[in-house]
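Undergrad: Starting off with a structure, shown below.
No value in this document is a laboratory result; all are computed from the given coordinates. Only a predicted model underlies this, so the values are computations on that prediction, with no experimental measurement involved. Don't worry about glycine lacking a Cβ; one is built from the backbone with ideal geometry, like all the others, and counts go over all protein chains shown.
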Amino acid sequence: MNDRVKIRTENDIAYVTLTRTDKHNGMDLPMLKEVIAAQKTVRKMKGIRAVILHGEGPSFCAGLDIKSVMGEPLKAFASYLQLWWPMRNDFQTWSMGWRELPVPVIAVVHGNAFGAGLQLALGADIRICTPDAQLSMMEAKWGLVPDMGGVALMRELMRIDLAKELTLTGRVMTGIQAHELGLVTHVCKDPMARAQELIGEISTRSPDSVGAGKFLLQEAWRAIDGAALRAERLWQRRVITTKNQRISVQRNQKKEDIPFSERKI
């Protein structure tokens, strides 16, 4: 990574950190490239059980740095041309790429998460936010619409009328309000500690089961019944009888001799 994103690992967790602190981690084109590179790097890491995505300094990510992007007109025009691509473009990979990692990705959100920043957080599997964080689907302020995966991601989390209201107004919400609308999973004063605690709980499960469960839900959640049931069968075939599944069975079979009232799930 370079000067906008860094990766470190600790206790089987990969921490992906936005480091453009002087701009509240506003997204410019170099940061876009570095975030996509970070996704590829973490995907190749062996042995990690989760990713925590967060920002250094006063904010998680304050959105697109318009001034910086427009200060490089040739690069900005090349990026504009991606709107004509027939496949997912780099701006959409900014958020959607996190869904391709076979481990849970938790966004720890504080300060501002506007526009591109909110869409980045939505690309995580779980979002943990401070109560006083400021979140907004802010593209309307610039005469634009969400185009960094936000629409595909919002539809899993909230009613369409509420999504329309947030998109059309560009209203700024607190972390508490975002939680009430379903955009945020948990709200607490120390979201990093809560994320680490949650990862500790997930890490007691088979990594094969965790990865397959994530992909199954993403594939089946909005599919018709037949497609969702097919996805269940396919992902179950991938994990059943694997080494980690056998370990899970053996570990739980040992609990049969423990009185039910004393067992831990």
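Undergrad: Through the Karplus equation 6.51 cos²θ - 1.76 cosθ + 1.60, θ set to phi - 60°, convert the phi angles of the stretch 211-216 into ³J(HN,Hα) values in whole Hz; use x for Gly and Pro.
TA: x, 5, x, 4, 5, 4
Undergrad: With springs only between Cα atoms under 10 Å apart, run a GNM on the chain and tell me which of A140, A227, A62 wobbles the most.
TA: Judging by the Gaussian network model, the answer is A227.
Undergrad: Separate question: Go ahead and estimate [θ] at 222 nm for the chain from helices alone: -39,500 (n - 2.57) per DSSP H run with n ≥ 4, summed, over the residue count, rounded to 500.
TA: -12500 deg cm²/dmol
Undergrad: Amide H of V109 versus every other amide H placed in the peptide plane: which residues, excluding those fewer than 5 positions away on the same chain, fall under 5 Å?
TA: Counting only residues 5 or more places away or on other chains, the set is I128, C129, T130.
Undergrad: Measure out, as a whole number of angstrom, how far apart the alpha-carbon centroids of the stretch 139-153 and the stretch 11-37 sit.
TA: 20 Å
Undergrad: Just to be sure I understand: with springs between alpha-carbon atoms less than 10 Å apart, which residue in G200, G150, G111 has the highest mean-square fluctuation in the Gaussian network model of the chain?
TA: G200
Undergrad: Skipping prolines and chain starts, which residues have an amide H placed within reach, meaning under 5 Å, of the one on V184, given they are 5 or more residues away or on another chain?
TA: Answer set, sorted by chain and number: H179.
Undergrad: I would also like to ask the following. Return the sequence-ordered ³J(HN,Hα) values of the stretch 34-46 in whole Hz as given by the Karplus equation 6.51 cos²θ - 1.76 cosθ + 1.60 applied to θ = phi - 60°, using x for Gly and Pro.
TA: For the stretch 34-46, the Karplus-derived couplings read 6, 5, 5, 5, 5, 4, 5, 5, 5, 4, 8, 6, 9 Hz, x marking Gly and Pro.
Undergrad: Evaluate the distance, in nm, between pseudo-label points positioned 7 Å from the Cα of I160 and of E56 along their respective Cα→Cβ axes.
TA: 4.4 nm
Undergrad: Same structure again: What's the exposure ranking of Y80, Y15, going from fewest to most Cβ atoms within 10 Å?
TA: In order of increasing Cβ crowding within 10 Å: Y80, Y15.
Undergrad: Using a 10 angstrom cutoff on alpha carbons, build the Gaussian network for the chain and name the most mobile of Q253, Q218, Q92.
TA: Q253
Undergrad: Residue-wise, which Karplus ³J(HN,Hα) couplings in Hz belong to the stretch 120-132, taking 6.51 cos²θ - 1.76 cosθ + 1.60, θ = phi - 60°, and x for glycine or proline?
TA: 4, 5, 5, x, 6, 6, 9, 10, 10, 9, 6, x, 9
Undergrad: Next question. Of all alpha-carbon pairs in the stretch 1-157, indicate the percentage at a distance above 22 angstrom.
TA: 35 percent
Undergrad: Here is a further query. Provide the net charge surrounding V16, with neighbours chosen by a C-beta distance below 15 Å and charges set as Lys +1, Arg +1, Asp -1, Glu -1.
TA: Once all neighbours under 15 Å are counted, the net charge is +4.
Undergrad: Which ordering of I52, I240, I106, I224 is given by a fewest-first count of other beta-carbon atoms within 10 Å?
TA: Numbers: I52 23, I240 12, I106 28, I224 9.
Listing I52, I240, I106, I224 from fewest to most nearby Cβ atoms yields I224, I240, I52, I106.
Undergrad: Say R0 is 25 Å: what FRET efficiency, to the nearest 0.05, do I247 and T9 get from their beta-carbon distance?
TA: That pair, I247 with T9, gives E of 0.60.
Undergrad: Taking 8 Å as the Cα distance limit and 6 or more residues as the minimum spacing, I'd like the relative contact order of the stretch 207-256 as a percentage.
TA: Taking the mean separation of contacting Cα pairs over the length of the stretch 207-256, I get 40 percent.
Undergrad: Still on this structure, I have one more. For the residues W235, W94, W84, what sequence is obtained by ranking on other C-beta atoms within 10 Å, fewest first?
TA: With the fewest neighbours first, W235, W94, W84 line up as W84, W235, W94.
Undergrad: Further, regarding this structure: My understanding is that a pair violates if its Cα-Cα distance is over 32 Å; which of K33/K243; K33/K141; K23/K44; K44/K164; K75/K141; K141/K189 do that in this structure?
TA: Exceeds cut-off: K33/K243; K44/K164.
Undergrad: Can you give the Kirkwood hydrodynamic radius for the chain, in Å, rounded to one decimal and based on Cα pairs?
TA: 19.6 Å
Undergrad: Have a look at the DSSP beta bridges in the stretch 5-202 and tell me what percent are antiparallel, nearest 5.
TA: Bridges in the stretch 5-202 that DSSP calls antiparallel: roughly 30 percent.
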